[in-house]
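Just so it is clear, none of the values below were taken in a lab; they were calculated from the coordinates. None of these values were measured; they are calculated from a predicted model. For neighbour counting, all protein chains shown are included, and Cβ atoms are generated from backbone atoms with ideal geometry for every residue, glycine included.
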């Protein structure tokens with residue numbers, strides 16, 4: 001793994017709060033907080049309700065954007081992530097994404113209201129407070 005990819009992955013290895021933007025049916029941005037976790041390939045995973053507004057947006061337009069890494073005004077580094085989202089409902093994926101903090105929201109990984117959103121990033125900008133411009137990671141064959 002490259003140094004940049006390692007730095008990016010470290011920001012998302014544990015469950016973390018992120019701002020997640022989708023595009024509404026009429027083309028406007030819509031942002032909400034979500035809890036995400038990334039795998040070693042930098043795919044980002046989040047659990048959500050099957051009938052949520054974000055799912056309706058993603059079905060119509062899979063382009064999404066996430067911002068994460070700042071926990072206060074003295075943030076040392078943060079990420080801007082462009083990607084495409086897919087909705088998964090298979091039992092294996094739901095079990096893989098399940099964690100204890102979902103228990104108050106969903107009955108279990110088998111809950112029919114639970115779906116998983118997988119974001120495949122194609123561009124990630126890694127910002128550091130002491131640098132004037134970000135380091136940029138791009139997926140092989142990715143856009144932008």
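Let me see the P(r) profile for the chain: every Cα-Cα distance counted, bins of 10 Å, each bin given as a percent of all pairs.
Using 10 Å bins, I get a P(r) of 11, 41, 35, 12, 1 for the chain.
Can you tell me the mean projection area, over all orientations, of the convex hull of region 29-86's alpha carbons? Units nm², please.
Hull-based average projected area comes out at 4.7 nm².
Run the numbers on region 37-96 and let me know its relative contact order in percent, using alpha-carbon pairs under 8 Å that are six or more apart.
26 percent
Starting from the 7 Å offset along Cα-to-Cβ, what nm value, one decimal, do you get for the label separation of residue 26 and residue 2?
4.1 nm
With label points built 7 Å along Cα→Cβ from the Cα atoms of residue 53 and residue 80, find their separation and express it in nm.
2.4 nm
Quick one, can you get me the convex hull of the C-alpha atoms of region 3-47 expressed as volume per residue in Å³?
Spelled out: Cα convex hull of region 3-47, divided by residues, is 86 Å³.
Below 8 Å between Cα atoms, with a sequence gap of 6+, how large is the relative contact order for region 49-144 in percent?
Here the relative contact order equals 28 percent.
May I ask you to list the residues of region 35-70 whose amide nitrogen lies under 20 Å from a point 7 Å from Cα along the Cα→beta-carbon direction of residue 129?
Flagged as within label range: 67-70.
Please check which bits of region 115-142 a label hung off residue 105 would reach, taking the label as a point 7 Å along Cα-to-C-beta and the cut-off as backbone N under 16 Å.
115-119
Quick one: among 23, 116, 105, which has the greatest mean-square fluctuation in a GNM of the chain with alpha-carbon springs under 10 angstrom?
Residue with maximal mean-square fluctuation among 23, 116, 105: 105.
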